[in-house]
Structures are given as C-alpha cells and as structure tokens.
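The values are calculated or read from the model by the stated rules, or taken from the named source; none is laboratory data. Since the structure is predicted, the reported quantities are computational estimates derived from the model, not experimental observations. We place every Cβ from the backbone using ideal geometry, glycine too, and count neighbours over all the protein chains shown. All accessible areas refer to the heavy atoms of the entire protein, side chains included, with ligands and DNA or RNA removed. Shrake-Rupley method; radii C 1.70, N 1.55, O 1.52, S 1.80 Å.
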Amino acid sequence: MTAYRTIVVGTDGSDSSYVAVERAAALAGDEGATLYIACAYFPTDDRDVAAAADVLKEEAYQVRGSAPTSEILRVARDKAVAVGAVNVVEKAVVGEPVESLLNLLKEVDADLLVVGNRGLNTLAGRLLGSVPSDVARKSRTDVLIVHTVR
C-alpha cells in the first residue's frame, strides 16, 4: 500500500472540525505528507452577518466573511503542528464547503481528504445532505471521515 503524500482537511472553526484537523495532521506527520488545511467562506457585509448571527446563534461563526477564516486557519495550523505535521499549507477558499474541498483536491493533486462527521447523522444532514456525505459521494480521492461528533 502506498503512503499518502498530499492530504486535504476541511475546517469550519468548530471544535469537531479541529478534531479532524488533528487526525489528518497526525497522519500527515506519520506519512511525511503535505497537509492542506482548507476553510471555505462566503464574503459578507456587516448587515448580512448580523442577520445570520441572529438566526444561526452558535453556528454563526460559519458566515462571518474572510477575517475569521484567517484565525480559523491559524488555530488549525497550530493544532496540526502540535500533533506532528511538518509541511502545512493554509487555504482560504471562497465558496461552499463541498465544491471548495473537491476543487482543492484536484488543484493540489491530493490523495486523501479528511473531514469530520458533523451533520452526517442529523435529520437535516439526511434530508439536505452534509459535507461528509456529499464529499464521500462525489470525491474520486480516498475520504477519511473522522468521528468527531458521536
């Protein structure tokens, strides 16, 4: 079996996504692989952010534009390095998570995508789709779904 050389992991700044980052980073460290940490976002103006925050409550961190993306990626990088990843690349990507991750896989010729299982077993996830189920279904690359939420 060949080693993974390029690994992509997605994060949205949630605690569960950081668990996936740490798992991907440990694997990247063990394999000597390059780890791409991706965070997808949509640019927004302040009025849109305030309206979304009222509706989304604790999930509002996902819609705050590009500034928090830099902080999310910095935290993810720190966590990745702490568990052994050496070659880490941060990627902020404008767009929705599934397509952003799939496009990044192609762009960097990755051989593994790591995502958390958040949303996989929820009613909304079953009805509307979730990032882990959608990327697993659409990816032509190996996908590791980390159990970050039980």
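Quick notes on this structure:
- Scanning the stretch 1-23 for residues that are within 14 Å of Thr141 (Cβ to Cβ) and either open to solvent by less than 40 Å² (accessible area, probe 1.4 Å) or touching a helix residue (DSSP H, G or I) at 6+ places or on another chain (Cβ under 6 Å) (or both) yields a count of 6.
- Some residue of the stretch 24-35 being hydrophobic (A, V, I, L, M, F, W, C), at pLDDT below 95 and open to solvent by 30 Å² or more (accessible area, probe 1.4 Å): no
- As for the stretch 54-63, it holds no residue that is at pLDDT 60 or above and closer than 21 Å to Ala25 by Cα.
- For the residues Ser133, Ser100, the requirement of being open to solvent by less than 60 Å² (accessible area, probe 1.4 Å) and at pLDDT 85 or above singles out Ser100.
- Once the stretch 71-83 is narrowed to residues that are exposed (fewer than 14 other Cβ atoms within 10 Å of the Cβ) and in contact with an Asp or Glu (Cβ under 9 Å, 6 or more places away or on another chain), the residue that is nearest to Ser130 (Cα to Cα) is Arg74.
- Tabulated pairs, the stretch 22-43, first closer than 17 Å to Gly116 by Cβ, second basic (Lys, Arg) and part of a helix (DSSP H, G or I), C-beta under 8 angstrom, 6+ apart or interchain: Glu22/Lys79; Ala25/Lys79; Ile37/Arg77
- First in the stretch 72-85 and farther than 12 Å from Asp12 by Cβ, second anywhere and of a type outside the set (A, V, I, L, M) and open to solvent by 80 Å² or more (accessible area, probe 1.4 Å), Cβ under 8 Å, 6 or more apart: Gly84/Asp30
- Any hit, the stretch 42-53, residues being at pLDDT below 95, under 20 Å from Ala92 (Cβ atoms) and β-branched (Val, Ile, Thr): yes
- Meets criteria (modelled with pLDDT under 90 and either closer than 18 Å to Gly116 by Cα or in contact with a strand residue (DSSP E or B) (Cβ under 8 Å, 6 or more places away or on another chain) (or both)) for Asp15: yes
- Residue within the stretch 85-95 that is at pLDDT below 90 and either assigned to a strand (DSSP E or B) or not charged (D, E, K, R) (or both) present: yes
- Hits in the stretch 106-130 (condition: crowded, with 16+ Cβ neighbours inside 10 Å and at pLDDT below 90): Gly116, Asn117, Arg118, Gly119, Leu120, Gly125, Ser130
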